[in-house]
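Structure record follows, encoded as structure tokens.
Computed from the coordinates by the stated procedures, all read-outs in this text should not be read as laboratory data. Bear in mind that the values here come from a model prediction, so they are computed numbers and not experimental data. Cβ coordinates were reconstructed from backbone atoms using ideal geometry, including for glycine residues, and neighbour counts include every protein chain displayed.
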């Protein structure tokens, strides 16, 4: 499986999607700082629509994240939207894989 919690040493900022604003543009919740692992690597995956895609990065996170949310490497809590952060990437797929005992899960976001 992927990195254990002790290997999640990078700050990652997450903006959860909350719908649309009054102008019809995507809206996001307040930024949340997570400890995870960001790996710039290409890997083929399937989107929720069933299409094949290739990732820019795989991010291991300690909690579930939403598809269409945004992740950025580093602490960017000062920015209310991901549009203001250079390097913020939209989550295109999220997978949660339980271990054999179903005691914990590995969570991966593909951007």
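Listed values, structure above:
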| quantity | calculated |
| --- | --- |
| Residue 42-residue 101 FRET efficiency (beta carbon distance; Förster radius 30 Å; 0.05 resolution) | 0.45 |
| Within a Gaussian network of the chain (alpha carbon springs, distance under 10 Å), most fluctuating of 100, 71, 84 | 100 |
| Likely footprinting exposure, 81, 47, fewest C-beta neighbours within 10 Å first | 47, 81 |
| Label-point separation, residue 77 to residue 49 (7 Å along Cα→Cβ), nm | 3.6 |
| Residue order, fewest to most surrounding Cβ atoms within 10 angstrom, among 94, 79 | 79, 94 |
| Residue of 70, 14, 28 that the Gaussian network model of the chain assigns the largest fluctuation, springs spanning Cα pairs under 10 Å | 28 |
| GNM top mover of 92, 46, 37 - the chain, alpha-carbon springs below 10 Å | 46 |
